[in-house]
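Just so it is clear, none of the values below were taken in a lab; they were calculated from the coordinates. Since the model is a prediction, treat every value here as computed from it, not as a measurement. Note: ideal-geometry Cβ built from the backbone for every residue, glycine included; neighbour counts use all protein chains shown.
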Amino acid sequence: MKKEHEILFTPFKIRDLEIKNRIVMTSMSGTALINKGQFNEGIKEYYIERAKNGVGLIVSGLSVAYDMFGRDYWVNDAKEAFDGPIRELVKDIHKEGAKFFMQIGAGLGRVVNLETGAKFEGANVAKVQFASSELPNVWDPSRIHREITVEEIHKITNALIEIALMAKDAGIDGVEIHAVHEGYLLDQFAITSMNRRTDEYGGCLENRLRFATDIVKGIKSACGKGFPVSMRYGVASKMKGFNQGALPGEDYLEFGRTLEESPAVARLLQEAGVDVLNADNGSYDSWYWAHPPVYMKPFCNVPECEYISDFVDIPVICAGRMEEPDTAAEIIRRGKITGVGIARQFLADPEYVKKLEQGKPETIRPCIACHNGCLGSLVMGKGVTCALRPKTLHEKEYAITPTKEKKKVMIIGGGIAGMEAARLSALRGHEVVLYEESDALGGVFIAAAAPAFKEADKKLIEWYKREMEHSGITIRLNTKADETSIKNEKTDVLIVACGSISKKIPISGIDREIVVNVKDELLSGCDENGNIVVIGGGLSGCEAAYELAQNGANVTVLEVQDRILDVPGLSMANSMMLKELMAYKNVEILTSTKILRINDSNVEIERNGKLSTIQADKVIIAAGYSPKKDFESIEMAAEIYTIGDAARVGNLMAVIKDAYDVALKI
Ligand SMILES: Cc1cc2nc3c(=O)[nH]c(=O)nc-3n(C[C@H](O)[C@H](O)[C@H](O)COP(=O)(O)O)c2cc1C
Ligand code: SF4
């Protein structure tokens, strides 16, 4: 391994439990051990693969006592699962040298998604529409949660103790309590502005923490002091009010847990028996701290986690875009944060730790913090996977098996879809040649990755280029494929991944000199002054608008629909932050706006039946893309497939899935 990363491979202790390195895979819902009281068979390979590849401590996906969507109480049915398959899974994980904690939760309270939850079979969301006090639901503030009763609190506490005991008996190394963080039920109790109770669970800090500390004490008393208990902990809530987050650098008054109160909270948790704080910041109201999107800088939660470590004697793990190893190692070296908490990177590349250990960080497929395949998918009630790696949690469905019949595969287009299809085809043993008419690999993604905040996207392009170089694929840049080349290549399988073209919109004045396409603007660095009008409030329009505003331009976004960022699959953590960032940078958003004409120095619009003009030194068209049809009529190979944007314009997740679907069947 690289010398500077050695510290990441030193052991640390949680109570008497030794963890072999500093890498902690933090919990992700959708990967719970138990589903309706039964072992969740689908997660077995997922955990074993990460353990095999060197993770020090794995924390399981969340299991909520009494179920997060009010389905039947499952704990009584779970004994068999703990005694059988869970015990076996833990043995397998231990064989690989990893330790394993189970994350167990008291519930969601006001952050439950009542609409999505209601869709689950057997759900009874009314049963869990409670909170510390009467509080508005975060997804739909018009729906008010009732105050949870003391009897319900006791039932949850006892259930969690019971689960912890079963976990311990099954050989699980510890439990993590979910969560005095992110605005979940226990956090709602802990935070003054969300707890107006007058009983023993409200008022002073000790009372507000009673629910959490009773759970910890109960587990310690049932499982023994030596059984490690972790607490998922949010150092500061970073919220200005309900559904109002506080952005990095923003001057604001904390509505949730303050940095001033946090040390006392952490100390009380430690006194109750918590052995490790698995920490970050944020709340659902400021989701981008606990679930940092691409717009959030890496290591965003480190300052507060380092701060809190000064007030406790137990280890502090910090999560939130912590995967870049040079900085992660430097943070551990500083000695305040003990463990590097990483989640999504393990969805994007299960071999993250192994590759670091082998001194090959450049081979790690980078997580691009898009949330499309993980959090976004989870919130929509679909399972968790990774946009860049559909195989994650679908190991059998997307197994990459050697081909029985080696074929000559020709790929037209060196964008992400083309490169992924090339990579997979080569991995399966086919002979692959890739034609790209421009001088670079990456396609439209080069422009998407251009803004300064898209470092991870740029890394992804580099990763693909490297994969192309090391997979024995022949790359022909600056070469437009045609019937002759398809024939000359003796092509058996032709995969057309030639991408998309910018949509033309019929606006008077569209050909004027002040008009540019968003792709060209992104590529040129969005470095403008003056008045810039962006036509189109989709993802590229808004990202360009934000980048332009950051660079000092005065930006207006015009959108014909009644909302911006209405993009399929876009996670709320990402859209929430981008919207707030644009507002923070004074980008004016005009929705339900019809564009009448572009003139030399302004744009004429109609909005709410009124005509007006907006000054414009430059107009950027971000009206989306449509498939490039250049190879539609080609019939020169035995098998022909069209994938990615060339088939239908989609996000990265869609085009990569297309590549898998084709490359795994040829
Ligand atoms: C799909 C998904 C589900 C998550 N579910 C949980 C959860 O149930 N419990 C929890 O404590 N954290 C959960 N998290 C948060 C992660 O553990 C982690 O703190 C967060 O993703 C930031 O780390 P990262 O940047 O390394 O992904 C989840 C994250 C994702 C992406
Ligand atoms: S879907 Fe996006 S954010 Fe989630 S793990 Fe994959 S690359 Fe990372």
Worksheet item: What's the extension gain from LYS13 to HIS394 if we count 0.36 nm per residue and subtract their Cα-Cα distance?
Response: 133.8 nm
Worksheet item: Which value does Rg/Rh take for segment 45-198 over its C-alpha atoms, Rh per Kirkwood?
Response: 1.02
Fill in: Positive minus negative residues near ASN35 (Lys, Arg vs Asp, Glu; Cβ under 13 Å)
-2
Worksheet entry | Net charge contributed by nearby residues that have their C-beta within less than 12 Å of VAL516 (K/R +1, D/E -1) | -3
Worksheet entry | Leading residue at positive end of dipole, the chain (Cβ point charges), from ILE510, HIS178, MET194 | HIS178
Worksheet entry | Listed residue (PHE346, ALA421, ILE364) projecting farthest to the positive dipole end of segment 330-438, Cβ model | PHE346
Discussion item. So for segment 3-379, averaging the separation of alpha carbon pairs under 8 Å that are six or more residues apart and normalising by length, what relative contact order in percent results?
Written reply: 16 percent
Worksheet item: Around ARG71, what is the net charge, scoring Lys/Arg as +1 and Asp/Glu as -1 over all other residues with Cβ under 14 Å from its Cβ?
Response: -1
Discussion item. Nearest 500 deg cm²/dmol is fine: what mean residue ellipticity at 222 nm does the chain get from its DSSP H runs of n ≥ 4 alone, each adding -39,500 (n - 2.57), divided by its residue count?
Written reply: -8000 deg cm²/dmol
Practice prompt. Name the long-range amide H neighbours of ARG143: under 5 Å, sequence gap of 5 or more, or other chain; modelled H, no Pro or chain starts.
Written response: ASN137
Fill in: Descending Cα extents along the principal axes, segment 415-458, whole Å
37, 22, 11
Response to the item:
Restricting to Cα pairs under 8 Å and 6 or more apart, the percent relative contact order of segment 515-623 works out to 35 percent
Practice prompt. With N denoting the number of residues in segment 63-146, provide Rg(C-alpha) divided by 2.2 N^0.38 Å, to two decimal places.
Written response: 1.39
Fill in: Sequence-distant aspartates and glutamates (8 or more away, or on other chains) whose Cα lies within less than 15 Å of LYS408
GLU431, GLU489, ASP492, GLU639
Discussion item. Just to confirm the filter: which chymotrypsin sites (Phe, Trp or Tyr not before Pro) across segment 13-79 are DSSP coil and have at most 16 other Cβ within 10 angstrom of their Cβ?
Written reply: TYR73
Discussion item. Would you work out the Kirkwood radius for segment 3-379? I mean one over the mean of 1/r across all pairs of different Cα atoms, in Å.
Written reply: 20.5 Å
Worksheet entry | Those aspartates and glutamates that a straight Cα-Cα span of less than 13 Å connects to LYS465, excepting residues fewer than 8 apart in one chain | GLU362, GLU420, GLU436, ASP439, ASP457
Worksheet item: If you take the Cα atoms of segment 347-483, find Rg, then find the Kirkwood Rh from the mean of 1/r over all pairs, what is Rg/Rh?
Response: 0.98
Response to the item:
Projected onto their principal axes, the Cα atoms of segment 416-546 stretch, largest extent first, over whole-Å spans of 53, 32, 21
Discussion item. With a cap of 16 neighbouring Cβ atoms within 10 Å, and only residues DSSP puts in a loop, list the trypsin sites (Lys or Arg not before Pro) found in segment 61-163.
Written reply: LYS119, ARG143
Discussion item. Run the simple label-point estimate for PHE120 and LYS487 please: 7 Å along Cα→C-beta, distance reported in nm.
Written reply: 6.0 nm
Item to complete: Let me know the charge dipole size of the chain about its Cα centre in debye, to the nearest 20, where only the beta-carbon of Lys, Arg (+1) and Asp, Glu (-1) is charged.
Response: 920 debye
Item to complete: When a/c is below 1.5 the answer is rounded, else prolate if a/b is larger than b/c, else oblate, so apply that to the chain with a ≥ b ≥ c taken from the square roots of the Cα gyration tensor eigenvalues.
Response: oblate
Worksheet item: Any number yet on Rg/Rh for segment 515-623, C-alpha, Kirkwood?
Response: 0.94
Discussion item. Return the equivalent ellipsoid semi-axes of segment 1-41 as a descending list in whole Å, where each equals the square root of 5 times an eigenvalue of the C-alpha gyration tensor.
Written reply: 31, 14, 7
Worksheet item: Of LYS391/LYS628; LYS99/LYS355; LYS79/LYS396; LYS336/LYS585, which ones are farther than 30 Å apart at the Cα?
Response: LYS336/LYS585
Item to complete: Name the residue farthest towards the positive end of the dipole of segment 422-505 from the options GLY472, VAL493, PHE445, assuming +1 on Cβ of Lys and Arg, -1 on Cβ of Asp and Glu, about the Cα centre.
Response: PHE445
Worksheet item: How high is the relative contact order of the chain, given as a whole-number percent (alpha carbon pairs under 8 Å, six or more residues apart)?
Response: 11 percent
